[in-house]
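Have a look at the structure below, then the notes.
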Amino acid sequence: MSKQDKEKKQISAEAYYVTQQHGTEPAFSGNLNDNKEPGEYVCVCCGSKLFDHTAKYDSGSGWPSFYKPFEKNSVAYSDDYEIGYLRKEVHCSKCSAHLGHVFDDGPQPTGLRYCINSVALDFIPEEKE
Ligand SMILES: [Zn+2]
């Protein structure tokens, strides 16, 4: 996809629901859950690089899971009490799009599980030489 296409691209209704209205896609519905290709995961709204494949792992949760963001400040956090107990909400540090939540039952080295909605991400495959 060229840069120009990208700018013209509109986000889907699902992506709007998740990123702007703090929605959650159904487990195992996302196209990136099983994705194991090398590449970068960027914000569907602003294109900011959020995660890459080296931190992705199969958590069995039905959502793409990462043990760390691309850079510490790629994402920002807020407290979410929506379902009665505290969850740490993860959003894009650049445009504030809601991405998912972070839990402390992930693998080492961080022990964190970033549980992220597929529709909040765009995947950019690594260029093959
Ligand atoms: Zn963003």
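Nothing in this text is a laboratory measurement; each read-out follows from the coordinates by a stated rule. Bear in mind that the values here come from a model prediction, so they are computed numbers and not experimental data. For neighbour counting, all protein chains shown are included, and Cβ atoms are generated from backbone atoms with ideal geometry for every residue, glycine included.
Things worth noting here:
- Per-residue ellipticity at 222 nm, computed for the chain from helices alone with -39500 (n - 2.57) per DSSP H run of at least four residues, works out to -3000 deg cm²/dmol.
- Across the chain, the volume of the C-alpha convex hull divided among the residues equals 110 Å³ per residue.
- Approximate spin-label separation TYR77-ILE124, in nm, with each point projected 7 Å along Cα-to-Cβ: 2.6
- For segment 34-125, the tally of Lys pairs with Cα-Cα distances below 19 Å comes to 13, considering only residues 8 or more apart or on different chains.
- Annotation for SER12 and CYS95: the two label points, set 7 Å from Cα along the Cα-Cβ direction, are 1.6 nm apart.
- Residues of segment 105-127 with amide N under 20 Å of a point placed 7 Å along Cα→Cβ from TYR57: 105-118
- What the Cβ-Cβ distance of SER48 and GLN20 gives, at R0 = 22 Å and to the nearest 0.05, is a FRET efficiency of 0.90.
- Relative contact order computed over the chain (Cα-Cα under 8 Å; 6+ residues apart), in percent: 28
- Order by protection proxy (mean Cβ within 10 Å, highest first), peptides 81-94, 61-74: 61-74, 81-94
- Neighbour-count order for THR110, THR19, fewest beta carbons within 10 angstrom listed first: THR110, THR19
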